[in-house]
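A.B. asks: One structure, pasted below without further comment.
The values are calculated or read from the model by the stated rules, or taken from the named source; none is laboratory data. What you see is a predicted model, and the numbers here were worked out from it, not measured in a lab. Here Cβ is always computed from backbone atoms with ideal geometry, including for glycine, and neighbour counts include all displayed protein chains.
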Amino acid sequence: MPRLSTVTRRAALIGAGAIAATSTLPAVAKAPFGGPIRTTVRRFRLGAFEITTISDGLRNGGGLHPVFGGNTTAEEVAALVTANNLPPASSTFYFTPTVVNTGDQVVLFDTGNGARGRPDVGNTRARLADTGIAPEDVDVVVLTHMHPDHIGGMTEDGEAAFPNARYVTGAAEYDFWSADDRLSGPMQGNAQLVRANVVPFADRMTFVDPGQALVPGIEAVDARGHTPGHLAFHIESEGRRLMITADTANHFVVALQRPDWHLRFDADKEMAAQARRRVFGMIAADRIPFIGYHMPSPSIGFVEARGDGFVYVPETYQFNL
């Protein structure tokens, strides 16, 4: 007890002294808040390649259900996100194009939302400039699929946003979205954007199938389901590997921990679930890092198989060594 009272008296004396000292100081202006600062680019080496993730921006939204988990209940989705320390009634969505510089070619995977999404998103070209990459420096633009947040940045002010690039995508994806009968009905908005932003570049476009290399060290991987021709990409240089998974999983908790839950934007929901299990099963088994377009910025991490799904593990210093 004497020891406790000594500590208490000392704390009281310090507190009283601090109050007295404070009362004699002149009033000063408070430090202004500067606002949030978020990661916009991340660059690292992968063997002889240099990889850069670019934040096109982010958007805040409401609860994830029923966009995610359409085949389950709102209560189940809310319970899962709450268990993962996320707010059940709000969410943030990330958009992350990736640049792979092979030393010979600068390859851009997806172009972001474009000017239609500004100011929240549509910042890919500006963020590229921050890294020292000019639009004219891009040699290849790869379209993993043709949803608006991936092709919106194909043009800028009516001109090619990357004027010296050739274009690569899946034939099934291009054929589906460019078909005339898509220009009416529920898919017409997306099809019209494809007609405006992608079709004009058809004469500069190369079509790849799963298993084919678009440049040495970068190979297309079947990830159909989210769209009819959705592709992921396997990258390897000097024995080091990386996967670009695009929209195979669209949320780092819900889509990975519950890969069979439906996403509203998946064209074939069962096929998309199979793709999640196949692609992330391989990533987990082989311990391959991946970049997911909608993972939390800077969108790089690993997955571990757990229970009936996967757990996302963000990268820390693995690529700094």
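A.B. asks: Which of (1) crowded, with 22+ Cβ neighbours inside 10 Å; (2) within 23 Å of PRO88 (Cα to Cα); (3) not acidic (Asp, Glu) does ARG264 not meet, given it meets every other one?
C.D. replies: Among (1) crowded, with 22+ Cβ neighbours inside 10 Å; (2) within 23 Å of PRO88 (Cα to Cα); (3) not acidic (Asp, Glu), ARG264 violates only (1).
A.B. asks: Output the residues belonging to the stretch 120-141 that are closer than 27 Å to ASN60 by Cα and either in contact (Cβ under 8 Å) with a residue 24 or more places away in the chain or under 16 Å from the mean Cα position of the chain (by Cα) (or both).
C.D. replies: First pass over the stretch 120-141, keeping only residues closer than 27 Å to ASN60 by Cα: 120-131.
Within the stretch 120-141, ASP120, VAL121, GLY122, ASN123, THR124, ARG125, ARG127, LEU128, ASP130, THR131 meet the criteria.
A.B. asks: Continuing with this model, one more query. In the stretch 270-320, how many residues are of a type in the set (Phe, Trp, Tyr) and crowded, with 21+ Cβ neighbours inside 10 Å? Give the derivation first.
C.D. replies: Step one: list which residues in the stretch 270-320 are of a type in the set (Phe, Trp, Tyr), which gives 280, 290, 293, 302, 310, 312, 317, 319.
Right, trim to crowded, with 21+ Cβ neighbours inside 10 Å and you get 280, 290, 293, 310, 312.
Count: 5.
A.B. asks: I've got another one for you. State all residues of the stretch 59-69 that are assigned to a strand (DSSP E or B) and surrounded by fewer than 17 Cβ atoms within 10 Å (Cβ to Cβ); if no residue qualifies, say none.
C.D. replies: Hits for the stretch 59-69 are ARG59, ASN60, GLY61, GLY62.
A.B. asks: Okay, next question. With (1) part of a loop (DSSP other than H, G, I, E, B); (2) at pLDDT 95 or above; (3) loosely packed, with under 13 Cβ neighbours inside 10 Å; (4) β-branched (Val, Ile, Thr) as the list, and THR72 as the residue in question, which single condition is left unmet?
C.D. replies: Of everything listed in (1) part of a loop (DSSP other than H, G, I, E, B); (2) at pLDDT 95 or above; (3) loosely packed, with under 13 Cβ neighbours inside 10 Å; (4) β-branched (Val, Ile, Thr), THR72 misses just condition (3).
A.B. asks: From the list VAL194, VAL215, VAL168, pick out the single residue that is over 30 Å from VAL81 (Cβ atoms) and in contact with an Asp or Glu (Cβ under 8 Å, 6 or more places away or on another chain).
C.D. replies: Numbers: VAL194 fails: in contact with an Asp or Glu (Cβ under 8 Å, 6 or more places away or on another chain); VAL168 fails: in contact with an Asp or Glu (Cβ under 8 Å, 6 or more places away or on another chain).
Answer to the check: VAL215.
A.B. asks: The conditions are (1) of a type outside the set (Phe, Trp, Tyr); (2) more than 20 Å from ALA165 (Cα to Cα); (3) touching a residue at least 40 places away in the same chain (Cβ under 8 Å); (4) not in a strand (DSSP E or B), and VAL194 fails exactly one of them. Which is it?
C.D. replies: Condition (2) is where VAL194 drops out.
A.B. asks: Looking at the stretch 84-97 only, could you name the residues that are among the hydroxyl-bearing types (Ser, Thr, Tyr) and part of a loop (DSSP other than H, G, I, E, B)?
C.D. replies: Initially, the stretch 84-97 is screened for residues among the hydroxyl-bearing types (Ser, Thr, Tyr), giving 90-92, 94, 96.
Listed by number, the list holds a single entry, THR96.
A.B. asks: Could you figure out which of (1) surrounded by fewer than 17 Cβ atoms within 10 Å (Cβ to Cβ); (2) farther than 21 Å from ASN113 by Cα isn't true of ARG224?
C.D. replies: In the conditions (1) surrounded by fewer than 17 Cβ atoms within 10 Å (Cβ to Cβ); (2) farther than 21 Å from ASN113 by Cα, ARG224 misses (1) alone.
A.B. asks: Regarding PHE233, is this residue within 19 Å of the chain's Cα centre (by Cα) and of a type in the set (Phe, Trp, Tyr)? It would help to see each step written out before you state the result.
C.D. replies: Working: within 19 Å of the chain's Cα centre (by Cα): yes; of a type in the set (Phe, Trp, Tyr): yes.
Spelling it out, PHE233 is indeed within 19 Å of the chain's Cα centre (by Cα) and of a type in the set (Phe, Trp, Tyr).
A.B. asks: Tell me which of these ALA202 doesn't satisfy, since it passes every other one: (1) closer than 24 Å to ALA267 by Cα; (2) surrounded by 19 or more Cβ atoms within 10 Å (Cβ to Cβ); (3) modelled with pLDDT of 95 or more.
C.D. replies: (2)
A.B. asks: If I filter the stretch 204-214 for residues that are part of a helix (DSSP H, G or I) and not hydrophobic (A, V, I, L, M, F, W, C), do I get at least one hit? Working first, answer last.
C.D. replies: If we filter the stretch 204-214 for residues that are part of a helix (DSSP H, G or I), which is where we start, we get 204.
Cutting the leftovers down to not hydrophobic (A, V, I, L, M, F, W, C) gives us 204.
Yes, the conditions are met somewhere in the stretch 204-214.
A.B. asks: Restricting attention to the stretch 27-47, and to residues there that are surrounded by 14 or more Cβ atoms within 10 Å (Cβ to Cβ) and hydrophobic (A, V, I, L, M, F, W, C), which single residue is farthest from GLY103 (Cα to Cα)?
C.D. replies: VAL41
A.B. asks: From the list VAL77, VAL81, VAL100, exactly one residue is buried (at least 22 other Cβ atoms within 10 Å of the Cβ) and assigned to a strand (DSSP E or B). Which is it? Spell out how you get there, then give the answer.
C.D. replies: Numbers: VAL77 fails: assigned to a strand (DSSP E or B); VAL81 fails: assigned to a strand (DSSP E or B).
Going through VAL77, VAL81, VAL100 in turn, just one is buried (at least 22 other Cβ atoms within 10 Å of the Cβ) and assigned to a strand (DSSP E or B): VAL100.
A.B. asks: Return only the number of the condition from (1) in contact with a strand residue (DSSP E or B) (Cβ under 7 Å, 6 or more places away or on another chain); (2) touching a residue at least 12 places away in the same chain (Cβ under 8 Å) that GLN212 does not satisfy.
C.D. replies: It is condition (2) that GLN212 fails.
A.B. asks: Kindly indicate whether ALA160 is over 23 Å from GLY292 (Cβ atoms), touching a residue at least 40 places away in the same chain (Cβ under 8 Å) and either touching a Lys or Arg at 6+ places or on another chain (Cβ under 8 Å) or crowded, with 16+ Cβ neighbours inside 10 Å (or both). Outline the logic, then answer.
C.D. replies: Values: over 23 Å from GLY292 (Cβ atoms): yes; touching a residue at least 40 places away in the same chain (Cβ under 8 Å): yes; either touching a Lys or Arg at 6+ places or on another chain (Cβ under 8 Å) or crowded, with 16+ Cβ neighbours inside 10 Å (or both): yes.
So ALA160 fits the description; yes.
A.B. asks: I'm trying to understand the selection: among the residues of the stretch 103-117, which are among the charged types (D, E, K, R) and either crowded, with 22+ Cβ neighbours inside 10 Å or without any contact (Cβ under 8 Å) to a residue 12 or more places away in the chain (or both)? Even if it seems obvious, please write down each step before you answer.
C.D. replies: We begin by selecting, within the stretch 103-117, every residue among the charged types (D, E, K, R); these are 104, 110, 116.
Passing the criteria: only ASP110.
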